[in-house]
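What follows is calculated from the coordinates using simple rules that are stated; it is not laboratory data. The shown structure was predicted, so the numbers you read here are calculated from the model rather than taken from an experiment. Note that we place each Cβ from the backbone using ideal geometry, even for glycine, and neighbour counts take in every protein chain shown.
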Amino acid sequence: MESAIITQIGDRLNQAQSILIASHVRPDGDAIGSLLAIGLALQNAGKTVQMVLQDGVPASFRYLEGHDQVQKEPKGEWDTFISVDCADFKRLGKPFESIRKPDINIDHHITNERFGALNLIVGEEVATSAILTDCLPQWGLEITQPVASALLTGIVTDTLGFRTANTTPESLRQSALLMERGANLPELYMRTLVRKSYPAARYWGAGLSSLERSDGLVWGTLTLTDRKAAGYGGNDDADLINLISAIDGSKVGMIFVEQADSHVKISWRALEDGIDVSKVAKHFNGGGHAAAAGADIPGKLSEIQPLVLKTTREMLGFIEST
């Protein structure tokens with residue numbers, strides 16, 4: 001890692017008194033885990049901390065200590081602003097449109113736009129939580145049991161339970177350290193990757209019945225009608241993309257999730273080594289990693305889906321451009 005930046009961030013955190021921490025809209029396990037981990041660790045060090053997620057903490061992650069402290073918008077004043085696990089400042093959401101950019105930007109997405117005054121971007125790490133596992137002790141911040149649980153949640157979810165191609169011996173050592181600090185791996189694994197609510201299972205059913213495959217792609221679609229019929233309260237795909245990514249015989253898995261604000265959320269997963277889906281997401285003003293990326297595109301699902309499928313095929317070389 002960049003030792004000079006790590007030192008500068010440590011100095012800034014040491015001087016800070018009132019700290020705002022935020023992560024991206026529609027937060028996943030790493031966004032929530034890294035936010036709670038650094039937030040709780042700074043609180044334990046005597047700092048005043050407010051943690052903000054535009055969309056709040058999904059029910060599936062409310063077992064983590066500190067989730068009830070997360071607000072949907074910042075309040076009052078702060079002297080230090082930290083962004084975690086967010087590649088693009090705009091993805092922090094509407095509450096931050098009129099706020100100055102972060103003092104500290106910590107992330108592992110290779111598409112990160114380095115929008116902070118201090119940027120700690122480690123693209124080879126499996127999760128932002130993995131970066132914090134290494135750095136919190138260097139900043140004099142203790143990894144207590146609640147902090148360890150938040151960090152391990154981030155690592156487990158972003159590696160899909162240590163199944164992604166970027167999983168390394170180091171990420172396993174980090175996880176073992178967090179278990180030694182009190183994190184319960186079997187419980188976290190079950191809660192984050194296995195257990196599903198009844199509405200989520202019904203929502204999956206709608207998505208699976210929509211599956212299509214051609215030209216190296218396999219994709220599913222979730223509409224607003226599907227969400228309402230299933231009684232699913234989130235605006236995400238309930239992690240259905242992870243199941244689509246396990247389907248044999250295709251090179252890229254995708255899911256299209258219709259949003260209430262005339263947007264469509266798209267997730268891509270590379271199902272073979274050597275495929276970089278982040279460049280497709282970047283084309284649509286999204287971001288991510290070579291193996292996993294996403295974007296939010298304004299417009300109607302009926303218009304966006306054929307465009308995105310065509311562009312994905314062309315940019316990944318599955319068909320010739322016309």
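Kindly put D107, D68, D79 in sequence by how many other C-beta atoms sit within 10 Å of each C-beta, fewest to most.
Values: D107 30, D68 8, D79 14.
So the residues, fewest neighbours to most, are D68, D79, D107.
For the stretch 218-322, the number of Lys pairs with C-alpha atoms closer than 18 Å, counting only pairs eight or more positions apart or on separate chains, is 11. Exposure proxy for W219, W268: other Cβ atoms within 10 Å of each Cβ, ordered fewest to most, give W219, W268.
Across the stretch 193-199, computed HN-Hα scalar couplings (Karplus, 6.51 cos²θ - 1.76 cosθ + 1.60, θ = phi - 60°) run 10, 10, 5, 9, 6, 4, x Hz from first to last residue, x flagging Gly and Pro.
Among Y189, Y63, Y198, the order by Cβ neighbours within 10 angstrom, fewest to most, reads Y198, Y63, Y189.
State the percent of C-alpha pairs, over all pairs in the stretch 263-312, separated by a distance greater than 18 angstrom. Spell out each step's value before the answer.
On the way: 276 of 1225 pairs.
Value for the stretch 263-312 (Cα pairs over 18 Å): 23 percent.
Computed with the Debye formula from one identical point scatterer per Cα of the stretch 3-193, without solvent, the log10 of I(q)/I(0) at q = 0.15, 0.18 Å⁻¹ comes to -0.80, -1.21.
Annotation for A229 and Q8: the two label points, set 7 Å from Cα along the Cα-Cβ direction, are 5.3 nm apart. Here's the list of lysines a cross-link from K47 could span, going by alpha-carbon distance under 19 Å and ignoring same-chain residues fewer than 8 apart: K75.
For I247 and A59, calculate 0.36 nm times their separation in residues minus their Cα-Cα distance, and state this gained length in nm to one decimal. Please report the intermediate quantities before stating the final value.
Numbers: separation 188, 0.36 × 188 = 67.68 nm, distance 2.74 nm.
Extra length available between I247 and A59 comes to 64.9 nm.
Averaged over residues, the count of other Cβ atoms within 10 Å places the peptides 96-103, 113-120 in the sequence 113-120, 96-103, highest first.
Our note on the geometry: Cα centres of the stretch 239-318 and the stretch 128-173, 26 Å apart.
For Cα pairs less than 8 Å apart in space and 6+ apart in sequence, what is the mean separation divided by the residue count of the stretch 198-315, i.e. the relative contact order in percent?
Details: 220 pairs, mean separation 22.7, N = 118.
Relative contact order, the stretch 198-315: 19 percent.
Calculate how steeply helix 29-44 sits against the longest principal axis of the alpha-carbon atoms of the chain, using the helix alpha-carbon long axis, and give the answer as 0 to 90 degrees to the nearest 10. With rounding to tens, the tilt is 10 degrees. Per the Debye calculation on the stretch 198-315 with a single equal scatterer at every Cα and no solvent contribution, log₁₀ I(q)/I(0) for q = 0.09, 0.14, 0.22, 0.23 Å⁻¹ amounts to -0.21, -0.52, -1.28, -1.38.
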